[in-house]
């Protein structure tokens, strides 16, 4: 594939979308980020790297973090994890209380907010210091050891995360959250506030294109079977209630975040990360999806 030429052409392709979409202003710390920022990076399993635009600028990865927390939880719980969370597309907004009530406290999948809260609960149960463990995991996977939480974003989310608190309490009330609600929420708000660049995210997610093997860690993060399952979940559940449209248009396993980032993989070939903060109605990056 002529990645170099593609990356030269992409900025012009998405320029027409500048000024369209809206940043995630319901999280105050994200409201001031210019919506026309754009960066993209691609890493191949053979070791080539390509990038364009603001690919080295760090941003809040938000729900992209759910892929990495799920990977850790799968290592702890194995198949028993799926007794607490489903594997079906939601077809509803990512923070739907109605759906969680309808499903009697079993989230539809681990990549919506309710499901990610269950995953956070698993990590709290299995790790002495889950925030540090997750941060160390992201640093090693990306090969960049100064990655950190954006404390302003974490604080902003904690102060305004009323719906996530409602989801967590509903899960607790249905015996699907085993730890203290505030402790689980603290981990969840911090995982969403991890700040990374497109280049760092592309490197961190490369194992998903490489049968679960991380070159950065020189070991398998997931088994080949688990990697297939993760990519399947990303393809069917990774972009909220716009996942069908994205699969139709793009056709890659992917996970988005309301910070404007999207990671995607072509198994056996590459991982790619794109960032543009202006979102479409479902909460996915408008220019990022177009670029992919």
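What is the number of the single condition among (1) farther than 30 Å from residue 99 by Cα; (2) out of contact with any strand residue (DSSP E or B) (no Cβ under 6 Å at 6 or more places or on another chain) that residue 159 does not meet?
Status for residue 159: all satisfied but (1).
Please give the number of the condition residue 101 fails out of (1) at pLDDT below 95; (2) in a loop (DSSP other than H, G, I, E, B); (3) more than 22 Å from residue 71 (Cα to Cα).
Of everything listed in (1) at pLDDT below 95; (2) in a loop (DSSP other than H, G, I, E, B); (3) more than 22 Å from residue 71 (Cα to Cα), residue 101 misses just condition (2).
Here is a list of conditions, (1) touching a strand residue (DSSP E or B) at 6+ places or on another chain (Cβ under 9 Å); (2) more than 21 Å from residue 214 (Cβ to Cβ); (3) surrounded by fewer than 20 Cβ atoms within 10 Å (Cβ to Cβ), and residue 19 meets all of them except one; can you say which number that is?
All conditions are met except number (1).
Please pick out the residue among 215, 172 that is modelled with pLDDT under 95 and either farther than 29 Å from residue 105 by Cβ or in contact with a helix residue (DSSP H, G or I) (Cβ under 9 Å, 6 or more places away or on another chain) (or both).
Working: 172 fails: modelled with pLDDT under 95.
Result of the check over 215, 172: 215.
So residue 108 fits all but one of (1) in contact with a helix residue (DSSP H, G or I) (Cβ under 9 Å, 6 or more places away or on another chain); (2) in a loop (DSSP other than H, G, I, E, B); (3) at pLDDT below 90; what number is the exception?
(3)
Are there strands (runs of 3 or more DSSP E) fully within region 177-279 with at least 3 residues that are closer than 17 Å to residue 56 by Cα and touching a residue at least 60 places away in the same chain (Cβ under 8 Å)? List them.
On the way: elements: 194-196, 254-256, 261-266, 270-275.
Correct list: 194-196, 261-266, 270-275.
Please indicate, with yes or no, whether at least one residue in region 82-94 is at pLDDT 95 or above and in contact with a helix residue (DSSP H, G or I) (Cβ under 6 Å, 6 or more places away or on another chain).
yes
Does residue 123 fit the bill of being surrounded by 20 or more Cβ atoms within 10 Å (Cβ to Cβ), out of contact with any strand residue (DSSP E or B) (no Cβ under 9 Å at 6 or more places or on another chain) and in a helix (DSSP H, G or I)? I'd like the intermediate steps shown before the answer.
Values: surrounded by 20 or more Cβ atoms within 10 Å (Cβ to Cβ): yes; out of contact with any strand residue (DSSP E or B) (no Cβ under 9 Å at 6 or more places or on another chain): yes; in a helix (DSSP H, G or I): yes.
In short, yes.
Exactly one of these conditions fails for residue 158: (1) in a helix (DSSP H, G or I); (2) surrounded by 18 or more Cβ atoms within 10 Å (Cβ to Cβ); (3) in contact with a helix residue (DSSP H, G or I) (Cβ under 8 Å, 6 or more places away or on another chain); (4) in contact (Cβ under 8 Å) with a residue 24 or more places away in the chain. Give me its number.
The one condition residue 158 does not meet is (2).
The values are calculated or read from the model by the stated rules, or taken from the named source; none is laboratory data. This structure is a prediction, so every number in the text was calculated from the model and none was measured. Note that each Cβ is placed from the backbone with ideal geometry, even for glycine, and that neighbours are counted across all protein chains shown.
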